Every structure is written in structure tokens, then in C-alpha cells.
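Colleague: Before I ask anything, here is the structure I am working with.
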Amino acid sequence: MKSFTYERATSPVTAAQAVATNPNAKFIAGGTNLLDLMKLEIEMPSHLVDVGRLGLDRIEGTEDGGLRIGTLVSNTALSAHPRVREDYAVLTRAIQAGASGQLRNKATTGGNMLQRTRCVYFYDTNMPCNKRKPGSGCAAIGGVSRQLGVIGTSDKCIATYPGDMAVAMRVLDATVETVKADGTTRAIPAADFHRLWGDTPEIETALEPGEIITHVRLPAPLGGKHFYAKVRDRRSYAFALISVAAVIQPDGTGRVAFGGMAPKPWRLAEADAQLPNGATAVIRTAFADARPTEDNAFKIPLAERTLAGVLADAKA
Ligand SMILES: Cc1cc2nc3c(=O)[nH]c(=O)nc-3n(C[C@H](O)[C@H](O)[C@H](O)COP(=O)(O)OP(=O)(O)OC[C@H]3O[C@@H](n4cnc5c(N)ncnc54)[C@H](O)[C@@H]3O)c2cc1C
Ligand code: SF4
């Protein structure tokens with residue numbers, strides 16, 4: 001690991017200023033993703049700004065009946081919160097399907113949204129990777145791509161966003177609240193938060209340099225039945241090959257988002273509209289523009305079967 005300096009931020013704005021004015025600085029929250037990347041010298045910040053003591057660790061009700069979640073709320077605390085369990089069960093289920101108990105105790109809400117891809121070539125510094133080193137090429141294209149994306153990918157990068165929690169946030173139409181170095185704030189819809197890779201796979205989210213997540217806001221509860229189905233190579237402690245987050249109403253309408261398929265949690269309004277027509281209709285619509293590789297074409301029928309199971313459970 002390269003040496004680095006460290007400071008503990010005292011407010012969101014000073015934290016944002018410290019990172020915005022130093023291109024080699026990074027925020028650190030739980031550290032469960034960033035420290036791994038630093039040890040492997042995939043990320044080499046020369047300065048860390050610790051946001052862990054900013055007091056952004058509360059979950060509060062909002063006037064419209066929703067919830068406002070501080071960025072430092074741990075994954076464990078968020079998944080166990082009585083209002084989340086009662087009204088946003090898809091979120092509890094998605095979080096609890098991820099990582100391990102110890103990791104969820106340490107991982108934060110904002111850090112989880114910003115976890116980086118698990119493409120094996122991204123982790124292997126001997127291999128070309130446009131995301132790690134822009135312009136170096138992509139070893140996954142023509143390489144081993146079983147875990148990687150089938151839609152929303154580009155000729156520069158075919159990696160996926162690997163997390164679980166954000167797939168539920170997308171189904172719930174969450175909003176990410178931020179503060180910039182000049183003190184201005186933004187509310188970014190979950191739909192726009194993660195980017196498609198295009199020509200710049202190193203830019204993964206809508207955040208500007210130094211912009212800090214302060215909260216994630218959930219709108220009023222949707223009702224309905226909540227599901228998170230995750231398919232992975234082993235039963236625990238593994239990232240999703242594919243996942244399905246869904247909220248299904250008694251009349252069969254609802255919302256569905258897919259994880260493990262794309263650079264972002266994948267949800268299309270046209271595919272939501274097909275839910276009453278069954279899993280095949282949803283998948284045909286959601287993945288009409290898919291460009292799978294030979295290695296990962298299995299993900300599309302796997303997603304269809306997983307969604308069919310969810311829809312059968314919703315009727316039970
Ligand atoms: C072995 C292992 C298995 C895992 N399995 C899963 C899994 O199955 N499913 C899953 O979803 N996840 C999984 N994870 C990932 C885990 O969920 C993330 O590492 C964790 O959520 C990151 O949160 P953190 O607070 O530790 O982030 P950090 O590591 O502290 O930060 C991550 C990134 O976010 C930035 N950041 C942090 N907070 C802010 C903020 N407030 N504003 C702006 N930027 C910020 C940091 O600069 C960094 O770039 C696994 C991790 C490990 C190590
Ligand atoms: S798929 Fe993306 S992350 Fe993986 S090697 Fe290619 S550029 Fe890098």
C-alpha cells in the first residue's frame with residue numbers, strides 16, 4: 001500500500017472542500033471497499049478524508065411519510081430499522097443478501113452505493129483495464145466474462161455495478177442527497193445516480209469531484225409485497241450473478257429492477273408495465289437491447305426464471 005495522509009472531517013462542506021481541492025484525495029467511510037482497493041494498489045489516494053464522525057448516522061421520518069437515511073447509517077442498522085422492515089422490506093432483504101454480518105456492521109449507506117465493480121481484470125493490475133487505467137484496453141472483452149454485464153455496457157467496459165442495496169433503492173425510487181464544496185446541495189434520483197460506461201468507464205456516478213453524499217431519501221411506502229431474489233455461485237458471501245428486486249401489488253402491477261446485469265441497477269418503466277403479463281414479457285422488454293457475451297448469455301434466462309419464481313410467490 002502507498003503511504004497517505006489522513007484527516008477527520010468536521011462537517012460535510014469541509015469534507016467536500018478537502019477532496020475537491022486535492023485530486024488525489026478520497027473520502028473514507030467504513031473502508032470495506034476502499035481499503036481493499038488501496039492494499040491492491042488499484043486506488044492510490046495520497047490523502048484520506050474520514051467522514052465517519054459527521055453525525056450523519058440517523059434515520060428520520062419525512063413529512064411525506066418517507067424516510068431520510070444518513071449516509072453513515074450502517075447496512076446492519078438500516079436493514080434492521082423497524083420502519084424499513086415494515087414498509088421497505090425489499091431494502092432489508094437486499095441488504096441482508098449482501099456481504100457478511102461483520103461487513104454489514106461496518107459498511108455505510110453512502111459507501112455501499114459507491115462500491116466499485118468486481119470485474120476480475122479490474123482487480124488484476126497486470127491486465128489492461130480502461131476503468132483502472134483509461135485508454136489501456138479491456139481484458140474482459142474476449143476474456144472471461146461470466147460475471148459481467150449483458151446490457152448498458154460499451155466497447156470500453158463490460159463490467160457491472162455489483163451491489164445489492166442499490167437495486168432495492170432503484171425499485172423504491174430513492175433520491176441521493178449531496179453537498180458540494182461550495183455548500184450547494186443536490187438531490188439525485190437513484191435512476192440517474194450510476195452511469196452507463198460509454199467512453200469513460202472510470203466515471204461511475206453522477207457525483208462531481210468532492211461532492212459528498214449526506215443522505216438517501218425514500219419516498220412514502222409503496223405497499224404491496226416486497227421481494228429480493230439473488231442468484232450467486234454460493235449461498236452466502238458472494239456477489240450476485242443476477243438479482244431481482246420487486247414490489248408487486250395485489251392486482252399484479254408493480255416495479256422490478258435487476259442487479260448483476262448492467263453498470264447500474266437495471267429498471268425500465270416499459271418493463272414494469274409488462275409485470276401483469278408475466279416474466280417472459282418483462283424480460284423481453286427489459287433486455288431487448290442486451291449484448292451478452294458467449295460466457296454470460298445464460299444470465300437472461302436465469303433472470304427470467306428468477307422473476308417467474310418471484311411472481312409465483314407474489315400470487316401465493
Ligand atoms: C468480501 C466482501 C464481500 C462483499 N459482498 C457484497 C455483496 O454480496 N453485496 C454487496 O452489495 N456488497 C458486498 N460487498 C461490498 C460492501 O457492501 C461494500 O464494501 C460496502 O458497502 C462499502 O461501504 P463502506 O462504508 O465501507 O465504503 P468505503 O470503502 O469507505 O468507501 C467506498 C467508496 O465510497 C466513497 N464514499 C464513502 N462514503 C462517501 C460519502 N458519504 N460521499 C461520497 N463518497 C463516499 C469512498 O471514497 C470510496 O470511493 C462486499 C465486500 C467485501 C469486502
Ligand atoms: S470490463 Fe471494465 S472493469 Fe473489467 S477489464 Fe474491462 S474496462 Fe476493466
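Colleague: Mean separation of Cα pairs under 8 Å and 6+ residues apart, divided by the residue count of segment 116-267: what relative contact order is that in percent?
Modeller: 26
Colleague: Can you compute the FRET efficiency between Ala80 and Asp155 using 1/(1 + (r/R0)^6), with r the Cβ-Cβ distance and R0 = 30 Å? Round to the nearest 0.05.
Modeller: With a Förster radius of 30 Å, E is 0.10.
Colleague: What's the magnitude of the charge dipole for segment 191-315 around its Cα centre, counting Lys and Arg as +1 and Asp and Glu as -1 at the beta-carbon? Answer in Debye, nearest 20.
Modeller: 640
Colleague: So what is the calculated 222 nm ellipticity per residue for the chain, using -39500 (n - 2.57) for each DSSP H run with n of 4 or more, over all residues, to the nearest 500 deg cm²/dmol?
Modeller: -7000 deg cm²/dmol
Colleague: Below 8 Å, C-alpha to C-alpha, sequence gap of six or more: please give me the relative contact order for segment 164-216 in percent. Intermediate results must be reported in sequence, preceding the final value.
Modeller: On the way: 68 pairs, mean separation 20.6, N = 53.
39 percent.
Colleague: Another question, if that's okay. What's the center-to-center distance, using Cα atoms, between segment 275-308 and segment 94-159 in Å?
Modeller: 21
Colleague: A further question on this structure: For Thr14, Thr92, what ranking results if the residue with the fewest other Cβ atoms within 10 Å of its Cβ goes first?
Modeller: So the ranking, lowest neighbour count to highest, is Thr14, Thr92.
Colleague: Set the Förster distance to 45 Å, then compute FRET efficiency between Leu35 and Lys315 from the Cβ-Cβ distance, nearest 0.05.
Modeller: Efficiency, rounded to the nearest 0.05: 0.50.
Colleague: Pull up the cross-link candidates among the lysines for Lys26, meaning alpha carbon to alpha carbon under 29 Å and not fewer than 8 places away within one chain.
Modeller: Cross-link targets: Lys2, Lys39, Lys106, Lys131, Lys133, Lys156, Lys180, Lys264.
Colleague: Sticking with this structure for a sec: What does the convex hull of the Cα atoms come to per residue for segment 80-153, in Å³?
Modeller: Details: hull volume 10.3 nm³, N = 74.
For segment 80-153, the hull spanned by Cα atoms encloses 139 Å³ per residue.
Colleague: Could I ask something else about it? Dipole of the chain, Cα-centred, from +1 at each Lys and Arg C-beta and -1 at each Asp and Glu C-beta, to the nearest 20 debye?
Modeller: Roughly 740 debye, rounded to the nearest 20.
Colleague: A follow-up question, please. Averaging the inverse of every distinct alpha carbon separation and then flipping it gives the Kirkwood radius. What is it for the chain, in angstrom units?
Modeller: One decimal place: 19.9 Å for the Kirkwood radius.
Colleague: Now a separate question. To the nearest whole percent, what portion of all C-alpha pairs in segment 112-207 is separated by more than 15 angstrom?
Modeller: Every Cα pair in segment 112-207 considered, those over 15 Å come to 63 percent.
Colleague: While we're on this one: Length gain on complete extension for the stretch Ser46 to Ala206, per 0.36 nm per residue less the alpha carbon to alpha carbon distance?
Modeller: 55.3 nm
Taken together, the values in this text are just the output of simple stated rules run on the coordinates, not laboratory data. Predicted model only: the values in this text are computed from it and were never measured. Using ideal geometry, Cβ is built from the backbone for each residue, glycine included, and neighbour counts are taken over all protein chains shown.
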